[in-house]
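Step one of this worksheet: look at the structure below.
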Amino acid sequence: MISKEENILFAAEKLFAEKGFDGTSTREISKAANVNISMISYYFGSKEKLYEKLVEYRMNEGQFFSRDIVGRTDLNDWQKIEKIIDQFSNRIRTQKCFYRIMQREQLHTDNPQIVAFLKETKMSFLSMYSRILESGLKSGVFTKNPPIYLLHSTISGTLFYAFNAKEMYKEFLNDTDDEETFDEKFYTELNRHIKHLLKDLLGYEENK
C-alpha cells in the first residue's frame, strides 16, 4: 500500500513527464491522484515543493541501491559492477516517467534545489565507482585503471542514449513485438553490451 503522499507524487510524476512542470497544474494533479486540491498544499506546500520532493524521493531510491551493492561482501568487484548496471538499467526501464523528467532537467533546470540533487547523485555514483575500482585493482580483479568520470559516462551515457532512441531502434529493426516483449529483449542486449565494453575498459578476464 502506498501512502497518500506517495499517491500524489506518482500522479504528479506522470503528468510532469507528459506535460512538463509549467504545463501541469495542481488541479490536474489532484484530479489524477483523486484527492482534494488542498491536500497538495497540506503535504507539500506548493507545486514547486512537490516537484522537488519527487526528485528527492527518486534520487534517494537510486542512492540506496548503490550503497547496498558497494557494501556487499558476497560479491567480487566485477559482480558489483554487473549488479549496478542491471539495477540502473531496470530503474530506467521501469521508471520511464521520472527519467524523462530528469532528461529535461539536465538541459533546462534553473531550480537550485534540483541542480543540487542532480550534482549530489552524480558525485555519489563517481564515489561508488571509485571505491569499486580501487578495490578491484588491489585484488587483481581489474588490471586497467580508466578515468572514473569516463567510466561513469560510458554507463549512464549509453543507457540514456539507448533509452531515448528505443522507439527508433524498434522501427529500424522492424520489430512487431508488443512494448513489454521488445523491452525485455532490448534491455537484455543493452546490459550485455555495456558489460562487454566495461570488461575491456577495466581489464577484467572472466576465466582468469
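We did not get these values from a lab; they are worked out from the coordinates using the rules stated. Please read these numbers as outputs of a predicted model, since none were measured by experiment. Cβ placement follows ideal geometry from the backbone for every residue including glycine, while neighbour counts extend to all protein chains displayed.
For the reader, a short list of remarks on this structure follows.
- Spherically averaged projected area in nm², based on the convex hull that wraps the Cα atoms of the range 131-175: 4.4 nm²
- Taking every DSSP helix (H) stretch of at least 4 residues in the chain, weighting each as -39,500 (n - 2.57) and dividing the sum by the residue count yields a mean residue ellipticity at 222 nm of -26500 deg cm²/dmol.
- When the Cα convex hull of the range 16-121 is projected onto planes of every orientation, the mean area is 7.9 nm².
- Here's the list of lysines a cross-link from Lys49 could span, going by alpha-carbon distance under 18 Å and ignoring same-chain residues fewer than 8 apart: Lys4, Lys14, Lys19.
- Tensor-based shape of the range 1-59 (alpha-carbon gyration tensor, a/c under 1.5 rounded, otherwise prolate or oblate): rounded
- Toward the positive end of the charge dipole of the range 73-208, with +1 on the Cβ of Lys and Arg and -1 on the Cβ of Asp and Glu, the farthest Cα among Asn111, Ala162, His193 is that of Asn111.
- Shape class of the range 68-206 from the Cα gyration tensor (axes a ≥ b ≥ c, square roots of the eigenvalues): oblate, since a/c reaches 1.5 or more and a/b does not exceed b/c.
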